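The values are calculated or read from the model by the stated rules, or taken from the named source; none is laboratory data. Everything quoted here is computed from the prediction, not taken from an experiment. Methodologically, a virtual Cβ is constructed for each residue, glycine included, from the backbone with ideal geometry; neighbour enumeration extends over all protein chains shown.
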Amino acid sequence: MKHLRRVLLRLYLLFADSKVEAELAREIGAHLVLLEDEYLRQGMTPEDARRAARLAYGGVEQAKQRHRDERTFQGLSQIPQDVRYTLRQLRNSPGFTVTAILVLALGIGATTAIFSIVEGVLLRPLPFPDPDRLVILGDVREGSHCASCTHSSVTAPDIRNYMRDTESFSHLGGYRQRLFELSGAGEPAAVNATRMSGEVFAALGVPPVLGRKFTQQDDEEGQQVAVLSYGMWRSRFHGDANVLGSKILLYRKPYTVIGVMPRNFEFPLNPGNVNQSELWLPLSLQPEEFTAGSAASGNSRMVGRLKPGITAERAQSDAERVAQETMRDYPAYMRSLRIHAVATPLQEDTVGQARPLVRTLLLAVIVVLLIACANLAGLLLVRAIRRRREIAVRLALGARTATLLRHAIVDSMVLSIAGGAIGLALAALALRVGVSLLPQTLPRVNEIGLDWPVMLFALGLALLTGFLCGLAPAFAAIRTSVNESLKEGGRTGTSGSGHARLRSALVVAEIAVALTLLTASGLLLRSFEKMRDVKLGFRPDNTLAALYVLPQQRYATQSAIDEFTRTLLNDVGHLPGVDAIGITSFLPAAGNNWGIGFTIEGYVSPKGAGLNMAAMSLVESDPFEALGIRVLRGRVFTESDNAGSQLVAIVNRKMAERHWPGQDPIGKRLRRGMPETSTPWMTVVGEVDDVTLESRDAETMPQVYQPVTQTVASEGVFASPGELSAADGWIVLRSRMAPEGMQGTLRATVRKIDPQLPLYQMQTMEHAISKSEAPRRFNTVLISSFAIAAVLLSVLGIYAVIAFSVALREQEMAVRMALGGQRSEVILLILSSGAKLAAVGCGLGLLGAVAASRLLRSFLFEVSPFDPGVLSLSAIAMLLLALAASALPARRASSTDPMLALRGE
Amino acid sequence: MSNKEKESIQLLQGTLDLIVLRTLATMGAQHAYQIATRLQQISDRLLNLNQGTLYPALVRLEQYEWIKGTWGRTESNREAKYYEITKAGQKALKEETQGWRRMSALVERVLLEES
């Protein structure tokens, strides 16, 4: 306490010192008078008494100084003066100042922008109370290798069992997100809605801004209620507080609005910012969701809040017990399915996948910042060497080394704080433009922004850079030898060589890190190129796609659905310009595929391989023609492949090669489910090309196509009673004209058939591909631009060092020329000194690239992190750039006037 | 500054505060000259100090609010700044004295064992 007060007082006195100073002078004066009085009394003459008093008191100025040191922070009080001095100097060399500040602003700005992503996505706690108590609970199925299965999932019976039988959660509930057709409030539209147990709201613990949330009781009673998101409430209901109690239609069933969630409430926490849930509805599991196929499809997830004192591990073993019971209750046809319960902290589940990308970006940008720092340090060092005589004079006049150090640090701090301020503005700009360009694989993008932690980070970064950059010149300053510097007189000679090693080391480091980044960018570019080379398996040109979902309310029977589909295919197929049309349950390159297990006749899967998963698509009419998927063998489906005829399937090349290597797949048989499941056989009638399902750099999956009309028949015991098929699908059409032009026509045609039916996610296939490439494009572009910045900075660095050494050796060059040295020799001399630095830097940089390979590997696609082409090309490019940077000063050196040698002194 | 004086100051660094507090506690309000005189008396001129050396200690104690300075008049009607010990100062003196005793006893013991 007393210390704190004293620190504050001492800080305060930095600014309000004059009164204390006057009082001190008065006190010392009084003290001296008293001493004098005493000596006078002892019989001294007034003059002697004065002298004696001064002697007894000691040095007045020293006492004052010690008093000042004690009452305030003396070093600090000099800083405003230092800053003024620095500013004066900076004004004198605007070129240097602008360069230094810009280099720093770019470095700090880029780092701050990337850090704001790190902070928003990875560091900030999730927007729920006690977020670290929230876990995702789900099953992992043994042997499922599909890309979309990396996240755990649960089935309807799982939700019931876990909610009923686990003991580790204070609240636990299931949820699933789906598209819903919304009408009854403005234009009919597709909205993202999440069906969830009442317990999920309880677990998340966020209160609504308006009305109430639904409870578990609402859920179990099957209440048709809806809670709106803030955004939905503002955009569709104009923020009207009377919205409570009003009705909306979801798939034409009425729901009552009972509440509105706050602006920052987001659940589930999906990657990207276009798939956010806009509505929440009670899960209210229906009886048919517990039967047959639906009961086996893991299309939901669960979230729970741990009871106090329970860890995620304990909850997992608790849930594993329940999972074991669940398996014991499996019907005979699911006997071989093995599941494991997994409890993952919600935070990890949300951001885990984004972590490598974000970390790599941060590392890359820090490398750029380091290079910027090294550059600035180099510039400051050069300036310090130029000012060596000034420093020597100051030292000779009694400046303390501490003062010189402080000065050098203040010098670079002023620059870095200015750079930091501009950098922050740049970061704000970059974020405003950049957030929309972030890949849709990044979660929590709405939380990215310049908030206090980010601002503090930028400020801290500026101070740290300032300090680090100031070290080099500070070091140079205190090593200045007064005698040497003053003796040298006007001749600059080659005496700068004392710090030449330091400068060279800075440049070598710059080149090394720049090369590391350059190879990383080269590898990523190469991966991008390789990805572009991967065959899509379909022709994306002139193809338009759109999703429709028929509401059960209106299309309650199979015949109603079939009627719709027939009319749709007929009406759209006869539109002018339409070449081919088809309907498919999945869209290539859109990542919305799902895999199911198959049993293949005569094929025994290797032990431990688990299920034979394949991506399943249900098709109608001719999507192969519409999407341009090549038929390799056999035939496509025809009208005669219908519910009553023999069950047929088409497989892709990958599926054929895996199960019937070297054989003709036509005529082979396969069926849905596991060996013990009784499902009917389907006969393969065709083989088609492998189609890109998610993105080109993802692994190709085995694929199976089936006529949608045969779905129910092929499901055997999996089919639920009264199951309807073909109630949704992607319309794909190939046109003779630009597909964008077809959008309005397609919409109008569908509206004529059902005026209330919206079309979702209408897009050209080229757009779908571009979207699937976005994540890779994003990190490639970003890392490459960092690499370009790094290379430019390091080239600037090498230029500065060579140019400076040439300037220092002007005299020497003149002497060489005067003695008959050839221009070419001089050029060679300078170039080789640049090349030496570059060579050492490149050597180290290649080592750096090897060190970075482990981090980079996960982002590469069919390129080794040690790709010799990329490594050697980057190194050669770096060397050439370094040589080019030294060429300019070399030319200048070679044109030195020999007369200088004589005129110099 | 002579080396001898430097030594003295170093010696005093931890104890000067204590001595000043003690002086003020026993003798009442004193000005700097009086304190310095008193210091010379009790140290038996063992400590060869300039009187100005006292000032940093005074400002430190004042910033701790252990002593409080007010301007007054001496008997010879000269102006002087009188320092007075505060309540917090009394308390601090007690604590510092105890601390000092413990410390010196400890040092004493160590020295005894080693000789």
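Screening residue A:706 on (1) in the same structural domain as residue A:598 (by TED's automatic domain parsing); (2) in a strand (DSSP E or B); (3) touching a residue at least 40 places away in the same chain (Cβ under 8 Å); (4) surrounded by fewer than 19 Cβ atoms within 10 Å (Cβ to Cβ) shows it passes everything except condition (4). Condition check: without any contact (Cβ under 8 Å) to a residue 40 or more places away in the chain, polar (S, T, N, Q) and within 14 Å of chain B (Cβ to nearest Cβ). Does residue A:81 satisfy that? No. Among the conditions (1) part of a loop (DSSP other than H, G, I, E, B); (2) at positive phi, the only one that residue A:716 does not satisfy is (1). Scan (1) over 35 Å from the mean Cα position of the chain (by Cα); (2) over 30 Å from residue A:338 (Cα atoms) for the single condition residue A:689 breaks and write down its number. All conditions are met except number (1). Would you call residue A:792 closer than 26 Å to residue A:96 by Cα, without any contact (Cβ under 8 Å) to a residue 40 or more places away in the chain and either out of contact with any Phe, Trp or Tyr (no Cβ under 6 Å at 6 or more places or on another chain) or not assigned by TED's automatic domain parsing to the domain that holds residue A:697 (or both)? In short, yes.
The rows are residues; the columns are (1) farther than 24 Å from residue A:69 by Cβ; (2) within 11 Å of another protein chain (Cβ to nearest Cβ); (3) part of a strand (DSSP E or B); (4) out of contact with any Cys (no Cβ under 7 Å at 6 or more places or on another chain).
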| position | (1), (2), (3), (4) |
| --- | --- |
| B:37 | yes, yes, no, yes |
| B:41 | yes, no, no, yes |
| B:54 | no, yes, no, yes |
| B:59 | no, yes, no, yes |
| B:68 | no, no, yes, yes |
| B:76 | yes, yes, no, yes |
| B:97 | yes, no, no, yes |
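Please enumerate the residues belonging to segment A:442-477 that are part of a loop (DSSP other than H, G, I, E, B) and out of contact with any strand residue (DSSP E or B) (no Cβ under 8 Å at 6 or more places or on another chain). A:444, A:448, A:449, A:450, A:451, listed by residue number.
Taking the criterion of being more than 14 Å from chain B (Cβ to nearest Cβ) and either within 20 Å of residue B:59 (Cβ to Cβ) or polar (S, T, N, Q) (or both), the only residue of segment A:41-65 that qualifies is A:45.
Could you tell me whether segment A:232-253 includes any residue that is at pLDDT 90 or above, under 26 Å from residue A:304 (Cβ atoms) and either crowded, with 18+ Cβ neighbours inside 10 Å or among the polar types (S, T, N, Q) (or both)? No, segment A:232-253 contains no residue that is at pLDDT 90 or above, under 26 Å from residue A:304 (Cβ atoms) and either crowded, with 18+ Cβ neighbours inside 10 Å or among the polar types (S, T, N, Q) (or both). Any chance segment A:783-804 includes a residue that's touching a strand residue (DSSP E or B) at 6+ places or on another chain (Cβ under 9 Å) and part of a helix (DSSP H, G or I)? Looking through segment A:783-804, none of the residues is touching a strand residue (DSSP E or B) at 6+ places or on another chain (Cβ under 9 Å) and part of a helix (DSSP H, G or I).
No other residue among A:304, A:309 is assigned by TED's automatic domain parsing to the domain that holds residue A:217, crowded, with 20+ Cβ neighbours inside 10 Å and either free of Cβ contacts under 8 Å to residues at least 40 places away in the same chain or not in a loop (DSSP other than H, G, I, E, B) (or both) apart from A:304. Looking for something surrounded by 15 or more Cβ atoms within 10 Å (Cβ to Cβ), hydrophobic (A, V, I, L, M, F, W, C), touching a residue at least 40 places away in the same chain (Cβ under 8 Å) and out of contact with any Cys (no Cβ under 8 Å at 6 or more places or on another chain) - is there at least one such residue anywhere in segment A:36-45? No, there is no match, as no residue in segment A:36-45 is surrounded by 15 or more Cβ atoms within 10 Å (Cβ to Cβ), hydrophobic (A, V, I, L, M, F, W, C), touching a residue at least 40 places away in the same chain (Cβ under 8 Å) and out of contact with any Cys (no Cβ under 8 Å at 6 or more places or on another chain). The residue that is surrounded by the fewest Cβ atoms within 10 Å (Cβ to Cβ), counting only those in segment A:177-203 that are at pLDDT 90 or above and of a type in the set (D, E, K, R), is A:195. Only residues that are touching a helix residue (DSSP H, G or I) at 6+ places or on another chain (Cβ under 9 Å) and at positive phi were counted in segment A:184-209, giving 1. The set of residues from segment A:324-358 being in a helix (DSSP H, G or I) and out of contact with any helix residue (DSSP H, G or I) (no Cβ under 8 Å at 6 or more places or on another chain) comprises A:324, A:327, A:328, A:332, A:348, A:349, A:350, A:352, A:353. Every condition in (1) away from every other protein chain (no Cβ under 14 Å); (2) buried (at least 19 other Cβ atoms within 10 Å of the Cβ) holds for residue A:71 except the one numbered (1).
Looking at this structure, is residue A:801 farther than 26 Å from residue A:628 by Cβ, in the same structural domain as residue A:827 (by TED's automatic domain parsing) and surrounded by 22 or more Cβ atoms within 10 Å (Cβ to Cβ)? In short, yes.
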